[in-house]
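The next block holds one structure in the form of structure tokens; read it before the comments.
The values are calculated or read from the model by the stated rules, or taken from the named source; none is laboratory data. Quick caveat, the model's predicted, so the values are computed rather than measured. Here the Cβ positions follow ideal geometry from the backbone for every residue, glycine too, while neighbour counts run over all protein chains shown.
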Amino acid sequence: MVLFAILAMLIFQFAFGSRLGDLTPFAGGILWATLALTAVLGVGRSWVPEREQRVLDGILTAPVPRLVLLVSKAGAIYAYLLAVEIVAVPLLTLFFVRGQAPVDVALVAVVCLLANVGIAILGSLLACLALFARARELLLPVLFLPSMLPVVIAAAGATHAVLGGTNDLAEYRGYCLFLAVYAVIFGLVAYATYDHVFDD
Amino acid sequence: MKRFGERRAVDRVDVCLDEGECLAVLGPNGAGKSTLLRMLATLLRPDAGELSVCGRRLPDEAVRARALIGYLGHDPMVYLDLTARQNLELYADLYGVPDARERVDDALDRVGLLARSFDLVRTFSRGMAQRLGLARVLLHEPRLLLLDEPYAGLDAAGAHLLDAVLADASRARGVVIVTHEVERGVALAGRLLVLRAGRAVLSEPTGPIDGAAFRTRYEELVA
């Protein structure tokens, strides 16, 4: 998955790099488009071992509340996104950003930490929903990508606000607040529906 | 009752199992045997009717009921990329088993896999994986064992081992075993349930009957 993120960034670099001199204004969009596509891969694989190795019934018959399964998968997706971002953000600053300060990168890290919460909760919920569905490989991206769009827009906006050269901290805070609200809303949706997503 | 679309997979099945009793569920393919077992295992919600396991009503008290159930389906439900020991340790964690290390050793020893406990399950034969599955369901000492075709993939030694484990286990806990092997079902169980098209066509204690003789009756029942 990390390799996928690196390759996606390289493709952006080759696609735009030779034509546009300064890619700094596009850096936020490039980062979050890459992370959104990588998240689809990660979420899609989150239940693969249980499904392919036919362990799912064993896990579902254990005396563990369904909410714990949902939260543990969300935690795994969060950790996976974090691992990708640890590689992707330095690559972004290397390939696409000119003249960034360390504090800007730290602010991008905050965006990542906030956006990951929403993506992980939503991804975990949809991965559980698609678990028993036919054509789940198709269904999951079709549901996940549009639902994730508000996070991508806000995270790209916040990243652009600190890396795009404007250093507009008011705009940055607004986008961060939006990411936090999105995470809370989907956290509540997951809490309200978790018991039904594992139903046959 | 459980319905899949328009089809009633299980309908009007009324059965009660006492502690220490073994129930064999027999029937042809599509009779609803596995569906009944999956409802008891809390994997499927019944559409109508009442279901309770050890006094816990399903699905309302499913989490508490699961702690009392050991379910072994067609697959051993173990991770192929973990060792036998790691798999059992994982399930011991999930079930909150005390003295997990000793219990894992005991369970592996019981199914003859102690010497292979550090091997990846991927390297196991189907029969060995099924034995590990059996160790998995016995690990937390469930009060109700639910076994769906547990003899599938076992060689003669494995089947003999399973017979011994079941004979030992059924003294202390209830066992529901779904099987196509009529003679074995009659030999193992104290009560028989025969299903056809989702409905019970026979539910009675086995008594002193001969498996081969019962087969003729069974074939008439499911014809």
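Restricting the search to region A:42-87, which residues are without any contact (Cβ under 8 Å) to a residue 60 or more places away in the chain, away from every other protein chain (no Cβ under 11 Å) and in contact with a Lys or Arg (Cβ under 9 Å, 6 or more places away or on another chain)?
Correct list: empty.
Name the single residue that is surrounded by the most Cβ atoms within 10 Å (Cβ to Cβ) among those in region B:170-199 being touching a Gly at 6+ places or on another chain (Cβ under 9 Å) and small (Gly, Ala, Ser).
Restricting to residues being touching a Gly at 6+ places or on another chain (Cβ under 9 Å) and small (Gly, Ala, Ser), the top hit is B:Gly185.
Which of (1) surrounded by fewer than 19 Cβ atoms within 10 Å (Cβ to Cβ); (2) within 24 Å of the chain's Cα centre (by Cα) does A:Pro63 not meet, given it meets every other one?
With respect to (1) surrounded by fewer than 19 Cβ atoms within 10 Å (Cβ to Cβ); (2) within 24 Å of the chain's Cα centre (by Cα), A:Pro63 is out only on (2).
Where the second residue is surrounded by 24 or more Cβ atoms within 10 Å (Cβ to Cβ) and β-branched (Val, Ile, Thr) and the first is under 14 Å from A:Val181 (Cβ atoms) and lies in region A:152-165, which pairs have Cβ atoms under 7 Å and are six or more apart or on separate chains?
If the second residue must be surrounded by 24 or more Cβ atoms within 10 Å (Cβ to Cβ) and β-branched (Val, Ile, Thr), the pairs left are A:Ala155/A:Val111; A:Ala158/A:Val111.
Yes or no, residue by residue, for (1) hydroxyl-bearing (Ser, Thr, Tyr); (2) modelled with pLDDT of 90 or more; (3) more than 30 Å from A:Arg51 (Cα to Cα); (4) not in a helix (DSSP H, G or I):
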position	(1), (2), (3), (4)
A:Val89	no, yes, yes, no
A:Arg98	no, no, yes, yes
A:Val162	no, no, yes, no
A:Gly174	no, yes, yes, no
A:Val189	no, yes, no, no
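Take A:Val110 and decide whether it is touching a residue at least 12 places away in the same chain (Cβ under 8 Å) and in contact with a Gly (Cβ under 9 Å, 6 or more places away or on another chain).
no
Could you grab me the full set of residues in region B:200-209 that are in contact with a helix residue (DSSP H, G or I) (Cβ under 8 Å, 6 or more places away or on another chain) and surrounded by fewer than 16 Cβ atoms within 10 Å (Cβ to Cβ)?
B:Ile209, the sole residue that qualifies.
Could you check, for region A:19-28, whether at least one of its residues is more than 14 Å from chain B (Cβ to nearest Cβ), part of a helix (DSSP H, G or I) and in contact with a helix residue (DSSP H, G or I) (Cβ under 6 Å, 6 or more places away or on another chain)?
There is at least one residue in region A:19-28 that is more than 14 Å from chain B (Cβ to nearest Cβ), part of a helix (DSSP H, G or I) and in contact with a helix residue (DSSP H, G or I) (Cβ under 6 Å, 6 or more places away or on another chain).
If you check B:Gly96 against the conditions, is it over 18 Å from the mean Cα position of the chain (by Cα), surrounded by fewer than 19 Cβ atoms within 10 Å (Cβ to Cβ) and closer than 27 Å to B:Ala24 by Cα?
Answer is no for this residue.
In region B:24-53, which residues are basic (Lys, Arg) and modelled with pLDDT under 90?
Within region B:24-53, B:Arg45 is the sole residue that qualifies.
Mind checking which strands (runs of 3 or more DSSP E) fall wholly inside region B:13-129 and carry at least 2 residues that are within 14 Å of another protein chain (Cβ to nearest Cβ)?
Filter on region B:13-129 gives B:56-58, B:69-72.
Kindly evaluate B:Tyr218 against the criterion of being surrounded by 14 or more Cβ atoms within 10 Å (Cβ to Cβ), part of a loop (DSSP other than H, G, I, E, B) and either aliphatic (A, V, I, L, M) or at pLDDT 80 or above (or both).
No, not satisfied.
Go through region B:197-208 and count every residue that is touching a strand residue (DSSP E or B) at 6+ places or on another chain (Cβ under 9 Å) and more than 11 Å from B:Val10 (Cβ to Cβ).
Going through region B:197-208 one residue at a time, the tally reaches 6.
Scan region A:122-141 for residues that are more than 13 Å from the chain's Cα centre (by Cα) and among the small types (Gly, Ala, Ser) and report the count.
4
Inside region B:146-165, can you point out the residues that are in contact with a helix residue (DSSP H, G or I) (Cβ under 6 Å, 6 or more places away or on another chain) and closer than 22 Å to B:Cys54 by Cα?
B:Leu146, B:Asp148
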